[in-house]
Amino acid sequence: MLAFFASFILVDDILMPSVVRKGDITTVPAVLGLESQKAIMRMRESGLNAIESAFRNDPSYPRGTVSKQVPPPGTTVKRGRNVYLTISGGEQYVSVPSLEGRSLRDATFTLERYRLHVGSVTYEESDSLPENVVIVQLRSPGSRVIPGTSVDLIVSLGSSGELALVPDVTGKPLEDAEKLLLRAGFPVGKISYEEIRGVLPNTVYRQVPKGKELFSKGKGIELVVVGKPGVLPGMEN
């Protein structure tokens, strides 16, 4: 009789609570990448309560899917526990601003404020817009793009014959530089000489204005050439 009561106490007070406690435990399933409603259903099937706690842009997960869960997958918890889900907004997008009619400088700063960049710049003559003003942008204003996207521009040269791009002649022999400038419509202006170590004499070291800048045709381009100041090439002692 004593053995019977001892067995009853063992089952009732020790084994049964242990079984019940084990039944209250579950493992958090992995729902990363699942659509939010499917993730919620998966949690319910495991006896857990899913809560959409945050919504964040995340390029690693499509919009509307779970990008983070707390507790993480594989965690052992009690049934009925809350599991917090972060839902992805997908890739973040920005709207392309309107740039036409702005100066190239202003367009550049505007794009930077939108976390975008100037792409290729093409120059065309225009009788209606002054020089260095954006004629056309090759991504429509208001179009949605990801941050870091480049926007190509067509920029005005002004009326025909007013402005042109100055050739970059730095690093070239003076004679070659003069020919290149003249072919582009620019005479050589003031030439000054500086002694520069490690650079061959009679090489163009600097020019004003710089290469690829817009400048009025017919105006002289100032050059700084490697050589002794005040001594003409070929006259050195």
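Here is how the numbers come out for the structure above:
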{"item": "Candidate set from region 200-215 (those that are surrounded by 15 or more Cβ atoms within 10 Å (Cβ to Cβ) and among the β-branched types (V, I, T)); member that is nearest to I135 (Cα to Cα)", "result": "V204"}
{"item": "Counted residues, region 62-104 - those being more than 19 Å from the chain's Cα centre (by Cα) and farther than 29 Å from T27 by Cβ", "result": "5"}
{"item": "The listed residue being over 30 Å from V225 (Cα atoms) and surrounded by 15 or more Cβ atoms within 10 Å (Cβ to Cβ), out of L181, L99, L174", "result": "L99"}
{"item": "Of all residues making up region 177-212, the number that are touching a Gly at 6+ places or on another chain (Cβ under 9 Å), in a strand (DSSP E or B) and either in contact (Cβ under 8 Å) with a residue 40 or more places away in the chain or β-branched (V, I, T) (or both)", "result": "4"}
{"item": "Residue match in region 78-88 (condition: in contact with a Leu (Cβ under 9 Å, 6 or more places away or on another chain), hydrophobic (A, V, I, L, M, F, W, C) and surrounded by fewer than 17 Cβ atoms within 10 Å (Cβ to Cβ))", "result": "no"}
{"item": "E125, sole failed condition from (1) surrounded by fewer than 13 Cβ atoms within 10 Å (Cβ to Cβ); (2) at pLDDT below 90", "result": "(1)"}
{"item": "Selection within region 213-233 - farther than 30 Å from E125 by Cα and assigned to a loop (DSSP other than H, G, I, E, B)", "result": "G227, K228, P229, G230, V231, L232, P233"}
{"item": "Tabulated pairs, region 29-51, first outside the structural domain of Y84 (by TED's automatic domain parsing), second part of a loop (DSSP other than H, G, I, E, B) and buried (at least 17 other Cβ atoms within 10 Å of the Cβ), C-beta under 7 angstrom, 6+ apart or interchain", "result": "none"}
{"item": "Hits in region 108-159 - residues which are of a type in the set (S, T, Y) and assigned to a strand (DSSP E or B)", "result": "S120, T122, Y123, S150, S156"}
{"item": "Single condition I146 does not satisfy, out of (1) of a type in the set (V, I, T); (2) more than 29 Å from S60 (Cα to Cα); (3) loosely packed, with under 15 Cβ neighbours inside 10 Å", "result": "(2)"}
{"item": "Within region 7-62, tally of residues that are under 18 Å from G80 (Cα atoms) and either among the β-branched types (V, I, T) or at pLDDT below 80 (or both)", "result": "12"}
{"item": "Scan of region 105-129 for residues that are more than 16 Å from the chain's Cα centre (by Cα) and free of Cβ contacts under 8 Å to residues at least 40 places away in the same chain, ordered by number", "result": "R105, D106, V121, T122, E124, E125, S126, D127, S128, L129"}
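The values are calculated or read from the model by the stated rules, or taken from the named source; none is laboratory data. Keep in mind that what you see is a predicted model, and the values were worked out from it rather than measured. Please note: Cβ atoms are built from the backbone with ideal geometry, for glycine as well, and neighbour counts cover all protein chains shown.
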